[in-house]
Amino acid sequence: MSKEIKIALVEDDENLRFLVAERLQGEGYKVLEANNGDDAEKIILEEQPDIVLLDWML
């Protein structure tokens with residue numbers, strides 16, 4: 001039984017976020033998207049993703 005890996009993707013650039021999310025989903029990951037720190041915090045606390053992919057310069 002394999003576990004679904006959840007990735008929180010935090011990126012304020014909508015186009016870049018879309019491209020990265022599409023690629024990750026195509027590889028079978030569940031992607032949780034946020035465009036700012038407040039939304040990211042909610043997602044991280046509620047969904048507890050396995051990985052957080054963060055744009056450092058939001």
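The values are calculated or read from the model by the stated rules, or taken from the named source; none is laboratory data. Since this is a predicted model, take the numbers as computed values, not measurements. When we count neighbours, we look across all protein chains shown, and the Cβ atoms used for this are built from the backbone with ideal geometry, even at glycine.
Annotations for the structure displayed:
- Selected residue (criterion: surrounded by the fewest Cβ atoms within 10 Å (Cβ to Cβ)) from residues of segment 6-37 that are of a type in the set (S, T, N, Q) and touching a residue at least 24 places away in the same chain (Cβ under 8 Å): N36
- One residue alone among K42, K3 is in a helix (DSSP H, G or I), among the basic types (K, R) and without any contact (Cβ under 8 Å) to a residue 60 or more places away in the chain, and that residue is K42.
- For segment 6-39, filtering for residues that are among the acidic types (D, E) and in a helix (DSSP H, G or I) leaves 4.
Residues checked against (1) within 10 Å of the chain's Cα centre (by Cα); (2) at pLDDT 95 or above; (3) among the aliphatic types (A, V, I, L, M):
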| site | (1), (2), (3) |
| --- | --- |
| S2 | no, no, no |
| D12 | no, yes, no |
| E22 | no, yes, no |
| V31 | yes, yes, yes |
| N35 | yes, yes, no |
| E46 | no, yes, no |
| M57 | no, no, yes |
